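Before any comments, here is the structure.
The values are calculated or read from the model by the stated rules, or taken from the named source; none is laboratory data. Computed from a predicted structure; not experimentally measured. Cβ sites come from the backbone with ideal geometry, for glycine too, and all protein chains shown count toward neighbours.
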Amino acid sequence: MVFVTVGTGLEPMMRLLMKVDELAGAGVLDDVFVQSGNNPAFRPRHCKCESLMPLERFEAMVATAELVICHAGAGTAIQVLRAGKQAVMMPRRKKHGEVVDDHQLELVRALAEEGRVVPVYEAEELEPAIAEARRRAAIPSVAEPARMIALVEAALLELGGRHAKKSS
């Protein structure tokens with residue numbers, strides 16, 4: 001099963017959802033389950049979909065997924081890393097009206113540099129990123145997940161502090 005999530009942010013993220021549905025229709029992805037979040041206009045033709053789900057179910061979906069395709073929200077990133085998944089991660093972008101600043105872009109770049117995620121910045125990059133994530137998932141990981149999670153949590157706290165200062 002392929003699990004796709006764009007989190008629960010208030011801004012829509014249709015570009016990822018529409019591309020996933022398109023790839024499912026083309027046979028690139030099969031058995032796709034989408035947590036669509038705050039995207040009421042998303043009407044998938046080729047995927048199963050729920051807008052929101054309880055945390056326990058979300059964790060189970062991540063844990064059992066063959067592939068995770070997601071935004072770069074803090075909670076999602078931590079869940080994916082804890083589950084030891086090699087995810088395809090697309091940051092929400094300010095230029096697309098998906099977020100107020102590009103803090104998710106920084107997180108994706110940091111995780112990609114560590115080899116923890118396959119980054120996707122625009123929808124047309126999704127298909128080759130899926131192939132790369134599947135290739136990487138077939139290779140056993142030797143990285144310390146606990147250390148990586150601690151680094152991500154520290155970075156998120158730092159970013160959160162910067163974001164809080166900007167908001168004041």
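Show the residue pairs meeting these rules: Cβ distance below 9 Å; 6+ apart or different chains; first residue within the stretch 14-26 and on the phi > 0 side of the Ramachandran plot; second residue surrounded by fewer than 21 Cβ atoms within 10 Å (Cβ to Cβ) and assigned to a helix (DSSP H, G or I).
Once the first residue is on the phi > 0 side of the Ramachandran plot and sits in the stretch 14-26, no partner that is surrounded by fewer than 21 Cβ atoms within 10 Å (Cβ to Cβ) and assigned to a helix (DSSP H, G or I) comes close enough.
Considering only the stretch 9-45, state which residues are out of contact with any Cys (no Cβ under 7 Å at 6 or more places or on another chain), under 18 Å from residue 104 (Cβ atoms), in a helix (DSSP H, G or I) and among the aliphatic types (A, V, I, L, M).
Within the stretch 9-45, 14, 16, 17 qualify.
Among the residues of the stretch 29-49, what is the count of those that are over 24 Å from residue 134 (Cβ atoms) and either aliphatic (A, V, I, L, M) or surrounded by 13 or more Cβ atoms within 10 Å (Cβ to Cβ) (or both)? Talk me through it step by step, then tell me what you get.
Within the stretch 29-49, the subset over 24 Å from residue 134 (Cβ atoms) is 37-43.
Filter once more, so that each one left must be either aliphatic (A, V, I, L, M) or surrounded by 13 or more Cβ atoms within 10 Å (Cβ to Cβ) (or both): 37-39, 41-42.
Residues flagged as over 24 Å from residue 134 (Cβ atoms) and either aliphatic (A, V, I, L, M) or surrounded by 13 or more Cβ atoms within 10 Å (Cβ to Cβ) (or both) within the stretch 29-49 amount to 5.
Could you tell me whether residue 129 is out of contact with any helix residue (DSSP H, G or I) (no Cβ under 9 Å at 6 or more places or on another chain), buried (at least 19 other Cβ atoms within 10 Å of the Cβ) and of a type in the set (Gly, Ala, Ser)?
In short, yes.
A quick yes/no check of all residues on (1) surrounded by fewer than 21 Cβ atoms within 10 Å (Cβ to Cβ); (2) under 22 Å from residue 28 (Cα atoms):
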residue: 56; (1), (2): yes, no
residue: 77; (1), (2): no, no
residue: 118; (1), (2): no, yes
residue: 154; (1), (2): yes, no
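Out of curiosity, is residue 67 under 13 Å from the mean Cα position of the chain (by Cα), surrounded by fewer than 22 Cβ atoms within 10 Å (Cβ to Cβ) and in contact (Cβ under 8 Å) with a residue 40 or more places away in the chain? First the steps, then the outcome.
On the way: under 13 Å from the mean Cα position of the chain (by Cα): yes; surrounded by fewer than 22 Cβ atoms within 10 Å (Cβ to Cβ): yes; in contact (Cβ under 8 Å) with a residue 40 or more places away in the chain: yes.
When the stated conditions are applied, residue 67 passes them.
Can you tell me which residue in the stretch 94-104 is modelled with the lowest pLDDT, limited to those that are buried (at least 19 other Cβ atoms within 10 Å of the Cβ) and either in a loop (DSSP other than H, G, I, E, B) or under 12 Å from the mean Cα position of the chain (by Cα) (or both)?
Kept after step one, since they are buried (at least 19 other Cβ atoms within 10 Å of the Cβ), are these residues of the stretch 94-104: 98-99, 103-104.
So of that shortlist, the ones also either in a loop (DSSP other than H, G, I, E, B) or under 12 Å from the mean Cα position of the chain (by Cα) (or both) come out as 98-99, 104.
Working: 98: 93, 99: 90, 104: 93.
Only one residue fits best here, namely 99.
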